[in-house]
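The values are calculated or read from the model by the stated rules, or taken from the named source; none is laboratory data. The shown structure was predicted, so the numbers you read here are calculated from the model rather than taken from an experiment. Quick reminder, even Gly has a Cβ in these numbers, built from the backbone with ideal geometry, and neighbours come from all protein chains shown. Ligands, DNA and RNA are stripped out before the accessible areas are found, and what is left, the full protein with its side chains, is counted by its heavy atoms. Shrake-Rupley method; radii C 1.70, N 1.55, O 1.52, S 1.80 Å.
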Amino acid sequence: MADIGNLTAIELAQKVVSRQLRPTEIIEAYFQKVVQIEPQIDAYLLLLKERALSQAKMIEEKQAKGMPLGRLAGVPVAVKDNIMIEGYPATCASKILEDCRAVYTATVVKRLEEEGAIIIGKTNLDEFAMGSSTENSGFKTTKNPWDISRVPGGSSGGSAAAVAAGLAAAALGSDTGGSIRQPAAFCGVVGFKPTYGFVSRFGLVAFASSLDQIGPMTRTVSDAALLFEVISGHDPMDSTSLSQERMTNEGKTLRIGLPKEYFSAEGADPEVLAAVESAVKIFQKEGARIVDVSLPHTRFALPAYYIIAPSEASANLARFDGIRYGKRRQRGTEAEGQSEESGLITLYKASRTNGFGAEVQRRILIGTFALSHGYYEAYYGRAQEARRKIADDFDEAFRQADFIATPTTPTPAFKIGEKSGDPVAMYLSDIFTIPVNLAGIPAVSIPCGFSKTNLPVGLQILGPRTGDKSVLELAEHFEKMTANEFVKRPAVRVRQGGIGW
Ligand code: GLN
């Protein structure tokens, strides 16, 4: 039992293939852990025990017939609840989608399952992936397994917490402005956001389509690299999908750039900076050259993002109106003095204001305003110009450095409720991750240390567009150099009896 929970995804699959472990045994063990721990963490919105067990049995039957098994045979994977599995809810943690069922399966899920992975549940998130703490979920707040009075980060907080607490061997998240990397950093796991276009968005409920990317969240970099290999590659169902052939794998000369704007950022916790600096020293000791780089337009990243993302969101979320999609509320009636037309408007209003939470409504309002006639150039147009300059900054920096290293977040995980009343304070927690999405480049967050209060700290490694493999290789190298010193599990206590892993 204890062994199963401590095995990485790669090790689990190897043990299945070599018949040392049976997939049903793995799934049973994971659900036993879920029963014990999940009530304290609230990582999941939906558990798929029956489905998981029947898939586990199918893999066993395949094996009995001598058929080849996939690279993720029997590996329990959790999927963020904005990624669709046909026939099951994909609530996006929104009340408006509470009663809906997905009518098709996301490409990423299909690809995982083709390799034998078993989806064990759908994880909590900030509603429609808008947020940095899961406090914007329409259903519940996930707790950070390292300290349950703190947030797990967001929006993929459920996926991060599930992996950290041992409630899944690996997970998928989505990252529009940091939603994979920030929760990975807060929960002490690995989170990878690929180059825009490398992973199909087909079956991901869109937030901001030009920024959204699905990626893996795992305990080790090798697991992240394997999941990425499985889910990436061209998909004709996503028109922005790139083919794998375009991936480059250069980067023999190791120059690591430190952007001065990030290390002098206001509000950056000295403990976080110290942990990242000591991680950089480890690379230096190994012969890497550390170079100072500048990303001068960094200060425009947050303002540009908070125009572009809400603008795209306002268009993407227009379909959730109670008619085309989403829970339908009462239309205004003749008895109430409403005409055919005003009755319909009442229905739209009631469906949307009851269905969407405050943050989603705020974003729709901002986006609709920014795109409105007469304001478009002043807001959206300017934001796009800023986006271009931020991308150019990275191009320039990658002429001087092969990789860029930064903290993933300015601080370790904050307390539940600490920032929920102040949207701007919340937005600032993504200050180091958002520029990466604006530029479309790959970045990974890996655990690199702990604060004095035993909270994980994340190191972010960025690479040039299509340099995904090199980024993961460098991150893997860090894990080896530090002998997995930071690949740790929190000691989540089981409340009533029972034993942990
Ligand atoms: N926290 C950021 C936001 O609220 C990023 C979210 C994300 O990456 N999905 O928009």
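Working only within segment 283-294, note down all residues that are part of a helix (DSSP H, G or I) and open to solvent by less than 50 Å² (accessible area, probe 1.4 Å).
Once the filter is applied, which keeps residues that are part of a helix (DSSP H, G or I) and open to solvent by less than 50 Å² (accessible area, probe 1.4 Å), segment 283-294 yields only Phe283.
Examine segment 427-434 for a residue that is modelled with pLDDT under 95, within 16 Å of the ligand (Cβ to nearest atom), open to solvent by less than 40 Å² (accessible area, probe 1.4 Å) and farther than 29 Å from Gly166 by Cβ, and state whether such a residue exists.
For segment 427-434, residues modelled with pLDDT under 95, within 16 Å of the ligand (Cβ to nearest atom), open to solvent by less than 40 Å² (accessible area, probe 1.4 Å) and farther than 29 Å from Gly166 by Cβ: present.
Yes or no: segment 458-468 includes at least one residue that is more than 20 Å from Glu286 (Cα to Cα), of a type in the set (A, V, I, L, M), away from the ligand (no atom under 16 Å from the Cβ) and open to solvent by less than 10 Å² (accessible area, probe 1.4 Å).
The answer is no; no qualifying residue exists.
Checking the condition within 26 Å of the chain's Cα centre (by Cα) and either more than 20 Å from Arg219 (Cα to Cα) or among the charged types (D, E, K, R) (or both), which residue from Val17, Val35 passes?
Every option except Val35 fails the conditions.
Could you go through segment 379-398 and let me know if any residue there is within 16 Å of the ligand (Cβ to nearest atom), open to solvent by 70 Å² or more (accessible area, probe 1.4 Å) and at negative phi.
no
Any chance you could count how many residues in segment 303-321 are in contact (Cβ under 8 Å) with a residue 60 or more places away in the chain and crowded, with 17+ Cβ neighbours inside 10 Å?
Of segment 303-321, the ones in contact (Cβ under 8 Å) with a residue 60 or more places away in the chain are 303-313, 316-317, 320.
If we keep only those that are crowded, with 17+ Cβ neighbours inside 10 Å as well, we get 304-313, 316-317, 320.
Final tally of qualifying residues: 13.
Could you please find all residues in segment 366-378 being open to solvent by 70 Å² or more (accessible area, probe 1.4 Å), part of a helix (DSSP H, G or I) and without any contact (Cβ under 8 Å) to a residue 40 or more places away in the chain?
Within segment 366-378, Phe369, Tyr376, Glu377 meet the criteria.
Mind listing whichever residues of segment 335-364 are in contact (Cβ under 8 Å) with a residue 60 or more places away in the chain and not in a helix (DSSP H, G or I)?
Listed by number, the residues that qualify are Phe356, Gly357.
Within segment 123-150, work out how many residues are surrounded by 24 or more Cβ atoms within 10 Å (Cβ to Cβ) and within 13 Å of the ligand (Cβ to nearest atom).
Final tally of qualifying residues: 12.
Which residue is farthest from Glu98 (Cα to Cα), if the candidates are limited to segment 307-334 and must be part of a helix (DSSP H, G or I) and of a type in the set (S, T, N, Q)?
Taking the candidates together, the pick is Ser311.
All but one of (1) open to solvent by 40 Å² or more (accessible area, probe 1.4 Å); (2) β-branched (Val, Ile, Thr); (3) modelled with pLDDT of 95 or more hold for Thr409; which doesn't?
It fails just one condition, (1).
Scan Gly343, Gly417, Gly355 and give me the residue that is touching an Asp or Glu at 6+ places or on another chain (Cβ under 9 Å), surrounded by 15 or more Cβ atoms within 10 Å (Cβ to Cβ), of a type outside the set (Val, Ile, Thr) and within 24 Å of Tyr306 (Cβ to Cβ). Steps first, please.
On the way: Gly343 fails: within 24 Å of Tyr306 (Cβ to Cβ); Gly417 fails: surrounded by 15 or more Cβ atoms within 10 Å (Cβ to Cβ).
Result of the check over Gly343, Gly417, Gly355: Gly355.
Would you check if Arg219 is of a type in the set (Lys, Arg) and over 20 Å from Ser445 (Cα atoms)?
When the stated conditions are applied, Arg219 does not pass them.
Yes or no: segment 151-170 includes at least one residue that is within 15 Å of the ligand (Cβ to nearest atom) and over 21 Å from Val360 (Cα atoms). Don't jump to the end; show me each part of the working.
Of all residues in segment 151-170, those within 15 Å of the ligand (Cβ to nearest atom) come to 151-160.
Narrowing the set further to residues that are over 21 Å from Val360 (Cα atoms) leaves 160.
Among the residues of segment 151-170, at least one is within 15 Å of the ligand (Cβ to nearest atom) and over 21 Å from Val360 (Cα atoms), which makes the answer yes.
Could you give every pair whose Cβ atoms fall below 7 Å, whose first residue belongs to segment 5-33 and is within 15 Å of Leu53 (Cα to Cα), and whose second residue is among the basic types (Lys, Arg), counting only separations of at least 6 or pairs across chains?
Hits for this filter: Leu21/Lys15; Thr24/Lys57; Phe31/Lys49.
Out of segment 188-204, which residues are in contact with a Phe, Trp or Tyr (Cβ under 7 Å, 6 or more places away or on another chain) and not in a strand (DSSP E or B)?
Gly188, Pro194, Gly203
Show the residue pairs that are 6+ apart or on different chains and have beta-carbon atoms under 6 Å apart, the first residue being within segment 197-223 and buried (at least 24 other Cβ atoms within 10 Å of the Cβ), the second being modelled with pLDDT of 95 or more and among the basic types (Lys, Arg).
Asp212/Arg201; Gln213/Lys193; Gly215/Lys193
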